[in-house]
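Undergrad: I have a structure here, written as structure tokens, and I will follow up with some questions on it.
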Amino acid sequence: MHMDEVAAQPPPGTSGDTWRPVMPGLLTMRRLVLVSCLTPPALLAAVLPLLLGAPAWSLLALVPLTAGVWGWWALGRNWRSWCYQERDDDLLIRRGVLWQQLTVVPYGRMQLVEVTSGPLERRFGLARLQLHTAAAATDASVPGLAPAEAERLRDRLTELGEARSAGL
Amino acid sequence: MSGEPALGAAAVPGGIPEREIPAGQGRRLHPLTPWRRAWAPLAGLFAVMVQNVEELRRWTSSVALGWLLLSLALFLACAGLYGFLSWRVTRFLVTDTELRIRTGLLFRRSAHLRLDRIQSIDVSRPLLARLLGVAKLRMEVVGSRSADELAFLGENEARDLRAELLARAAGIAPEAAPNAGEAPALALHEVDPKTLAWSLVLRGRTWAFLVPGAALIPVVWLTTNNLVAALLVLLPLIAANWRASVGSYLTLYGWTVSESPDGLRLDHGLLQRDHATVPPGRVQCVRLVEPLLWRPRGWVRVELDVAGTRSGNREGLLLPVASRAEAAALLGRVLPDVDIAAALAAIRPAPERARWAMPVWRTGYGHAATPTLFVARRGRLRRVHELVPHAKVQSVRLTQGPRARLLRLADVHVDHGADGTATARLLDAGYAADEVAAQANRSRLGRRSAAPDRWLTGP
């Protein structure tokens with residue numbers, strides 16, 4: 001798996017610092033969502049032709065099944081690609097396997113740091129950290145953090161943001 | 001009417017509770033304003049009448065003329081009353097730190113604009129307003145989606161208020177601010193009408209509607225055998241063309257850029273005179289645009305991105321047309337410590353192998369980073385340079401798709417505070433990764449040396 005190796009390497013120029021991964025709970029949650037979305041159509045496609053007396057059509061169930069297997073693997077790959085790193089003056093967020101993206105947000109530019117957690121995420125003990133700067137294009141969020149870690153990050157980023165704050 | 005005492009800061013301390021305009025204080029708009037306000041319900045009535053012409057005729061024929069006139073008079077009185085009341089409840093007040101505007105008859109709205117966050121102040125005088133001696137004041141503040149405006153003020157009042165707001169925003173002592181007056185301005189550049197006319201002739205947009213129009217006429221003529229129909233088809237095209245050519249000329253006529261302690265001043269317009277002030281240090285991004293036909297003459301158009309909404313009428317224009325040297329000289333004033341010529345000379349084109357990702361247009365792309373600027377170039381025919389000062393960078397992103405990875409290429413995006421992004425595409429992947437790390441560093445150092453928001457107070 002060549003892509004995985006590429007994604008696991010730290011990007012050049014930033015080596016030596018520690019990249020932190022996101023929680024495994026995120027992967028479990030996403031896979032659970034995937035399975036619960038694909039199971040009903042797979043079951044339906046498998047059982048309905050049998051009941052109607054055309055068993056050959058049951059092969060259609062392979063479509064959601066294949067999608068599920070591929071999705072299972074792709075979610076794993078994608079989950080491994082998410083990581084973040086706190087440096088002295090900025091936060092780095094890396095994600096994506098095919099379309100990779102590295103975002104650098106200086107602490108002094110943060111206008112707002114948000115921690116959100118939906119019902120499903122709470123069930124899995126996860127929280128999402130979202131950073132806002134004055135530019136709407138800044139798309140910096142880290143999903144799948146432990147709530148304590150998310151709050152620690154929020155407090156630390158807010159504190160650093162105040163210390164290094166700059167006008168527009 | 002508007003003759004209430006202008007409340008300077010001297011009256012403010014102690015008396016004013018935080019975040020409100022106390023009763024009996026604050027200034028009102030020009031007394032002519034209600035007529036503009038009354039216009040809205042009248043226009044609404046007119047629209048309804050136009051839509052129901054048939055019913056209206058049946059109705060009017062059954063109702064006596066006297067009743068009709070009476071109801072019309074009643075309606076006018078209501079509209080006038082609405083205008084008067086909405087004028088009465090609209091007030092504004094300048095305090096040490098804020099401009100407070102309160103308005104709205106049914107839905108109360110109060111806006112508090114922080115003076116140190118003001119990005120630009122425009123004074124606009126449409127033709128009719130010019131005849132009546134009134135003007136409109138528009139302010140853009142970071143974070144507010146739409147520009148707030150005070151319409152209308154007396155011409156002198158608008159000028160004084162603009163000077164006062166800028167003086168306070170600059171950090172002049174509060175007692176002195178109301179009387180600071182207009183800061184002296186030094187004209188830097190004036191676009192001469194002939195160059196402007198030629199530049200519009202050579203611009204694609206001027207002709208965009210004419211060419212399909214010219215092609216359409218024979219077709220319509222031949223198919224319908226009716227010259228009038230053909231000319232009717234042409235009419236909207238001519239209107240669009242008029243707006244793109246003569247309309248632009250009238251708006252851009254007499255474009256003057258001057259420099260004052262308040263920042264850059266832009267004056268323009270033949271019939272409608274517009275005036276804009278951009279305080280120093282507000283420029284987030286500069287674009288140099290060179291349409292294809294301008295390039296032999298060495299002309300460029302300069303656009304600015306300022307935080308807040310982009311002014312609708314001027315598209316963030318700094319200069320509609322100028323030679324490259326003039327633009328560089330002017331930009332030296334806008335972005336201090338910047339050598340535009342050196343920055344443009346430092347541009348490295350996209351690597352040769354990028355042609356597999358973008359065959360013909362590859363040569364248009366390029367990137368440079370100087371100690372003060374991030375520069376990205378794009379476009380093969382219409383060339384655009386985007387310059388972002390490092391101090392204005394909000395975040396840096398590196399992206400790489402599957403095909404770009406095969407070719408060892410990557411894109412670097414730089415997001416700035418005017419809600420825009422400058423993208424340097426098709427960079428060598430290793431170089432791009434180094435560049436992102438270096439860019440984060442540079443923008444941190446750039447911010448440290450940036451001027452304060454209140455530009456006369458010193459760092």
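The values are calculated or read from the model by the stated rules, or taken from the named source; none is laboratory data. Note that the structure is a prediction, hence the values are computed from the model and not measured. All Cβ positions, even for glycine, are placed from backbone atoms using ideal geometry, and neighbour counts span all protein chains on display. SASA here: full protein model, heavy atoms, side chains in, ligands and nucleic acids out. Shrake-Rupley method; radii C 1.70, N 1.55, O 1.52, S 1.80 Å.
Undergrad: Looking only at segment B:333-364, how many residues end up being open to solvent by 30 Å² or more (accessible area, probe 1.4 Å) and in contact with a helix residue (DSSP H, G or I) (Cβ under 7 Å, 6 or more places away or on another chain)?
TA: Within segment B:333-364, residues that are open to solvent by 30 Å² or more (accessible area, probe 1.4 Å) and in contact with a helix residue (DSSP H, G or I) (Cβ under 7 Å, 6 or more places away or on another chain) number 4.
Undergrad: Sticking with this one: Filter segment B:426-445 for residues that are among the acidic types (D, E), assigned to a helix (DSSP H, G or I) and in contact (Cβ under 8 Å) with a residue 60 or more places away in the chain and give the result.
TA: B:E435, the sole residue that qualifies.
Rundown of residues vs (1) outside the structural domain of B:R348 (by TED's automatic domain parsing); (2) surrounded by 20 or more Cβ atoms within 10 Å (Cβ to Cβ); (3) closer than 19 Å to B:L344 by Cβ, yes/no style:
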{"residue": "B:H367", "(1), (2), (3)": "no, yes, yes"}
{"residue": "B:R377", "(1), (2), (3)": "no, yes, yes"}
{"residue": "B:V388", "(1), (2), (3)": "no, yes, yes"}
{"residue": "B:P402", "(1), (2), (3)": "no, no, no"}
{"residue": "B:R405", "(1), (2), (3)": "no, no, no"}
{"residue": "B:A410", "(1), (2), (3)": "no, yes, no"}
{"residue": "B:V414", "(1), (2), (3)": "no, yes, yes"}
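Undergrad: Based on what the data block shows, is B:W221 farther than 30 Å from B:T277 by Cα and open to solvent by 80 Å² or more (accessible area, probe 1.4 Å)?
TA: Against the criterion (farther than 30 Å from B:T277 by Cα and open to solvent by 80 Å² or more (accessible area, probe 1.4 Å)), B:W221 qualifies.
Undergrad: Something else now. Among the residues of segment A:65-73, are any modelled with pLDDT of 90 or more and under 30 Å from B:A432 (Cα atoms)?
TA: yes
Undergrad: Within segment B:136-154, is even one residue surrounded by fewer than 18 Cβ atoms within 10 Å (Cβ to Cβ), at pLDDT 85 or above and among the hydroxyl-bearing types (S, T, Y)?
TA: No.
Undergrad: Here's something else I'd like to know. Would you mind telling me which numbered condition in (1) within 22 Å of B:R444 (Cβ to Cβ); (2) open to solvent by 20 Å² or more (accessible area, probe 1.4 Å) A:R80 fails?
TA: (1)
Undergrad: Looking for something of a type in the set (F, W, Y) and open to solvent by less than 20 Å² (accessible area, probe 1.4 Å) - is there at least one such residue anywhere in segment A:92-112?
TA: yes
Undergrad: Give me a count of the residues in segment B:417-440 that are at the interface with chain A (Cβ under 9 Å from one of its Cβ atoms) and within 27 Å of B:Q119 (Cα to Cα).
TA: 7
Undergrad: Look through segment B:64-115, keep the residues that are among the polar types (S, T, N, Q) and touching a residue at least 12 places away in the same chain (Cβ under 8 Å), and return whichever of them is farthest from B:F152 (Cα to Cα).
TA: Applying the filter and picking the extreme gives B:T97.
Undergrad: Let me ask something additional. Sort out for me the helices (runs of 4 or more DSSP H) sitting completely within segment B:170-270 that have 1 or more residues that are outside the structural domain of B:E98 (by TED's automatic domain parsing) and at pLDDT below 85.
TA: The qualifying helices (runs of 4 or more DSSP H) are B:204-207, B:210-224, B:227-242.
Undergrad: What do you reckon, is B:V384 hydrophobic (A, V, I, L, M, F, W, C) and in contact (Cβ under 8 Å) with a residue 60 or more places away in the chain?
TA: Here the answer is yes, as B:V384 does meet what is asked.
Undergrad: Let me ask something else about it. If the requirement is being closer than 30 Å to B:L292 by Cα and at pLDDT below 90, which of these qualifies: B:D411, B:D419, B:D453?
TA: B:D419
Undergrad: Taking the condition of being within 11 Å of another protein chain (Cβ to nearest Cβ) and over 19 Å from B:P351 (Cα atoms), how many residues in segment B:383-416 meet it?
TA: Residues meeting the conditions: 12.
Undergrad: Please go through segment B:235-278 and give me each residue that is open to solvent by less than 30 Å² (accessible area, probe 1.4 Å) and more than 24 Å from B:V321 (Cβ to Cβ), ordered by number.
TA: B:D262
Undergrad: From the list B:A47, B:A111, which one is among the small types (G, A, S), open to solvent by less than 70 Å² (accessible area, probe 1.4 Å) and part of a strand (DSSP E or B)?
TA: B:A111 is the lone residue from the list that is among the small types (G, A, S), open to solvent by less than 70 Å² (accessible area, probe 1.4 Å) and part of a strand (DSSP E or B).
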